[in-house]
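Undergrad: Quick one: this structure, given as structure tokens, is what I'll be asking you about.
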Amino acid sequence: MKSWRPFRFPPLAQLAPADDSAASLQDSLADGFRQGMDAGYREGFESGEQAGRDAGHAAGLAEGRQQGFEAARREVLARFDGLAAPLDAAAAALARTVDDYQSALRDDVVELVARVARQVIRCELTLRPAQILDLVEETLATLPKASGEVEIALNADECERIRELAPERAARWRLVADAKLAPGECRIRADDSEADAGCQQRLAACLEQVHEQLAEAPAFHGEG
């Protein structure tokens with residue numbers, strides 16, 4: 001049987017390094033720590049600087065693109081406004097021309113209607129001058145009932161013809177010839193009232209209605 005011999009560990013004092021060795025070890029550890037710190041700082045700084053540079057570059061590109069887009073948009077809008085201004089002016093001038101044309105056309109139509117109406121009235125009164133008494137009766141119906149004699153002032157020629165062609169109707173009133181009145185015109189005087197029963201004022205009222213109706217009608221732009 002093999003016998004065992006006990007081992008004696010050397011004293012700790014013999015294992016511990018000398019004072020110079022311990023100081024050298026501590027310096028080495030401190031240098032290594034500082035080198036590690038320096039290397040980590042440089043690596044972190046360089047990494048952060050690169051990341052910041054990349055982020056700034058990306059932000060600068062985005063901002064540059066946005067500014068370029070805005071500048072291009074403003075330039076396009078400015079050019080468009082410059083091109084649109086003459087078109088707007090031309091459109092406004094055309095609209096004014098159309099309005100003037102429509103207004104002149106309405107005036108021409110009303111004038112034509114007035115001429116035709118006057119000619120028809122003249123022919124009717126020439127053939128049947130007593131028709132003017134119908135206007136007298138219509139006008140008297142709108143006035144207070146007269147207590148005295150009713151005086152009818154007429155064109156001199158028409159007054160004479162009415163007395164000849166319709167003496168019964170003419171006898172209902174006092175007919176007075178007035179050289180100042182145009183054919184188809186007459187004035188009614190009853191008590192303190194006086195009224196115009198002539199054709200001209202009735203025609204003027206009708207023409208005014210025609211003009212208003214033409215003004216309210218849709219504008220005519222021609223075929224196209």
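Undergrad: Go through the residues of the stretch 194-208 one by one and say whether even a single one is within 30 Å of Ala95 (Cα to Cα) and in contact with a helix residue (DSSP H, G or I) (Cβ under 6 Å, 6 or more places away or on another chain).
TA: Yes, the stretch 194-208 contains at least one residue that is within 30 Å of Ala95 (Cα to Cα) and in contact with a helix residue (DSSP H, G or I) (Cβ under 6 Å, 6 or more places away or on another chain).
Undergrad: Just for the stretch 173-189: of the residues that are under 19 Å from Ala204 (Cα atoms) and either of a type in the set (Asp, Glu) or touching a residue at least 60 places away in the same chain (Cβ under 8 Å) (or both), which one is most open to solvent (accessible area, probe 1.4 Å)?
TA: Among those residues, the one meeting the criterion is Pro183.
Undergrad: Could you run through the stretch 125-172 and say how many residues are acidic (Asp, Glu) and open to solvent by less than 40 Å² (accessible area, probe 1.4 Å)?
TA: We begin by selecting, within the stretch 125-172, every residue acidic (Asp, Glu); these are 134, 137-138, 149, 151, 157-158, 160, 164, 168.
Those still in the list that are open to solvent by less than 40 Å² (accessible area, probe 1.4 Å) too: 158.
Number satisfying all stated conditions: 1.
Undergrad: If you check Ala197 against the conditions, is it within 30 Å of Val116 (Cβ to Cβ), in contact (Cβ under 8 Å) with a residue 24 or more places away in the chain and among the small types (Gly, Ala, Ser)?
TA: Details: within 30 Å of Val116 (Cβ to Cβ): yes; in contact (Cβ under 8 Å) with a residue 24 or more places away in the chain: yes; among the small types (Gly, Ala, Ser): yes.
Yes: the conditions hold for Ala197.
The values are calculated or read from the model by the stated rules, or taken from the named source; none is laboratory data. Everything quoted here is computed from the prediction, not taken from an experiment. All Cβ positions, even for glycine, are placed from backbone atoms using ideal geometry, and neighbour counts span all protein chains on display. Please note that ligands, DNA and RNA were not included when accessible areas were found on the heavy atoms of the full protein model with its side chains. Shrake-Rupley method; radii C 1.70, N 1.55, O 1.52, S 1.80 Å.
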